[in-house]
Amino acid sequence: MVPSYRSSAVLGGLVVGLFLLSSAAWGDGAGDQDRTHIELSTTEDYSVPATLLRAELSASADRDDPVSAAASVNASLQWASRILAKEPAVHWQNVGYRSFRVEVDKRSLWRVSGSLMVEAAPSLLGPLLAQLQTRLQIVSTQFVASPAGHEQAEKRAATQALQVWRKRAEEACTALGLRWGGIDSVRLSDRWQDSGPRPVIFAAARSSTPPEIPMGEGHKAGQVEVAGSAWCRS
């Protein structure tokens, strides 16, 4: 799993709130010579249910000229778009279009390919993928968390991490024989780990049995880090 780092309005808003709660500590007239500065960081892990299935599908064609290859690909993508447009609960978008030369059986051909990314609840997307794969190839699939679920879990973890960071900063002052002074600066970052694409084979569209979707990726892991500096006074 490859971790990704991001900032968000959720984290930024919590940082602002922490500064507002601590603003009284800045107005006590303590000079720089009376301050002892400390640096520390803490992390809070969280997990989010992976309730959505995301898939990338591709249409491609090899032809003697790029125009006919593009026409074939466009026809398949438009066909898929009409099917997806009937399902408002499915989120989808075009994610790529390529045209380049290839050699097939010693023939120089134009290869054109176009891709779609689709995302929805597995129970809804599974039958659609079984239908779409009759003309498009399923490049990859993975289970992902919903944006709302991720935001809620991230906010809870950030709130907890900020509280722990503040408590540890105060404890550090006490351990030094000093009193709590205030916050110099604090930063929050979110490290999100998402598993790589997993291939999924779907039953043919004509089958009366719905495609079986493996649900082995039940949760996605995340971690909020709080780092910054505070000051103590004698």
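Read-outs: derived from the displayed coordinates by stated rules, not from any lab. The model shown is predicted, which means the values in this text are computed figures rather than measured ones. Here Cβ is always computed from backbone atoms with ideal geometry, including for glycine, and neighbour counts include all displayed protein chains.
Take 154-161, 45-52 and order them by the average number of nearby Cβ atoms within 10 Å per residue, most first; the result is 154-161, 45-52.
For A227, the shell of other residues with beta-carbons less than 11 Å away shows a net charge of -1, using +1 for Lys and Arg and -1 for Asp and Glu. The stretch between S146 and S123, if pulled fully straight at 0.36 nm per residue, gains 6.8 nm over its current Cα-Cα span. Spin-label model, Q131/N94: points 7 Å from Cα along the beta carbon direction are separated by 2.2 nm. Please identify which residues in region 142-156 have an amide N closer than 18 Å to a label point set 7 Å out from the Cα of A221, following the Cα→Cβ vector. The answer is 143-145, 150, 153-154.
Charged neighbours of V90, selected by a Cβ distance under 13 Å, balance to +1 (K, R count +1; D, E count -1). Placing unit charges on the Cβ atoms of the charged side chains and taking the dipole of region 34-191 about its Cα centre, the candidate lying farthest along the positive direction among P147, L188, S60 is S60.
Label positions at A71 and E87, each projected 7 Å from the Cα along the C-beta direction, are separated by 3.0 nm.
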